[in-house]
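Below is one structure, written out as structure tokens; the observations come after it.
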Amino acid sequence: DPLGNRTFGMQQELEQQRTQLQFLDQPAAGRAGSPSGAEYVIDYLAPGETRTIAATAIARDPGLVQFCSTVTYSPVLCSTAMVIAPSLELTKSAPQVASVCEPIAYTLTVTNTGVGPAEGVTITEALPEGVRTADGQSEININVGTLAAGESRDFTVNLRAEQPGQFTSTARATSAAA
């Protein structure tokens, strides 16, 4: 006594793909079929796509035949992240010669040569003995803020030499994201 073909259908109505759809057909007790039922796997179902699975069954005994089916799927969840790598470059320039106690225009240029913004950029420099800022400080601290990729900013600080000599120091540009 064939019961004829049974058709299972699944239509994708959401606006995203589904993968690994699984149909599990469970025959009712006392009916033909394996105890665990039949399993059908659809690897990919596009948005709006319909797939049909047909199955044939044979009844062992007369009477009402009931089939129970379940559908499960493994959703595909994707996310995207932009990976940034800001990189700071710092240059400085000053006149080669200056007189004691005269203002010295000292220029610092910071550039973000990397990819993505550099946030919280600061420039610091401890001045050597015998050199001070125009307001008497022995250290330079500049809050630059955020530098976009490829952006440069110039800062001029007025210095003065308190004694003759040759002076060198190291300036540093740092960022929370560089």
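The values are calculated or read from the model by the stated rules, or taken from the named source; none is laboratory data. All values reported here derive from a predicted model rather than from experimental measurement. Here the Cβ positions follow ideal geometry from the backbone for every residue, glycine too, while neighbour counts run over all protein chains shown. With ligands, DNA and RNA removed, areas are computed over all heavy atoms of the protein, side chains included. Shrake-Rupley method; radii C 1.70, N 1.55, O 1.52, S 1.80 Å.
Pick from segment 115-130 the residues that are touching a residue at least 60 places away in the same chain (Cβ under 8 Å) and touching a Ser or Thr at 6+ places or on another chain (Cβ under 8 Å): which of them is surrounded by the fewest Cβ atoms within 10 Å (Cβ to Cβ)? Don't jump to the end; show me each part of the working.
So the first thing to find is which residues in segment 115-130 are touching a residue at least 60 places away in the same chain (Cβ under 8 Å), and the list is 116-118.
Now restrict to residues that are touching a Ser or Thr at 6+ places or on another chain (Cβ under 8 Å): 117-118.
Working: PRO117: 17, ALA118: 28.
Among residues in segment 115-130 that are touching a residue at least 60 places away in the same chain (Cβ under 8 Å) and touching a Ser or Thr at 6+ places or on another chain (Cβ under 8 Å), the one surrounded by the fewest Cβ atoms within 10 Å (Cβ to Cβ) is PRO117.
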Please specify each residue of segment 86-114 satisfying the condition of being open to solvent by less than 60 Å² (accessible area, probe 1.4 Å), in contact with a strand residue (DSSP E or B) (Cβ under 6 Å, 6 or more places away or on another chain) and more than 14 Å from VAL157 (Cβ to Cβ). PRO86, LEU88, THR111, ASN112, GLY114
Can you name the number of the only condition in (1) open to solvent by less than 50 Å² (accessible area, probe 1.4 Å); (2) among the polar types (S, T, N, Q); (3) under 14 Å from THR111 (Cα atoms) that THR133 fails? (3)
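Can you name the strands (runs of 3 or more DSSP E) wholly within segment 41-122 that have at least 2 residues being at pLDDT 95 or above and farther than 30 Å from GLU162 by Cα? Write out each step before concluding.
Working: elements: 50-58, 67-75, 88-93, 103-112.
Once the strands (runs of 3 or more DSSP E) in segment 41-122 are filtered for at least 2 residues that are at pLDDT 95 or above and farther than 30 Å from GLU162 by Cα, what remains is 103-112.
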For the subset of segment 137-178 comprising residues that are β-branched (Val, Ile, Thr) and not in a strand (DSSP E or B), which member is least open to solvent (accessible area, probe 1.4 Å)? THR170
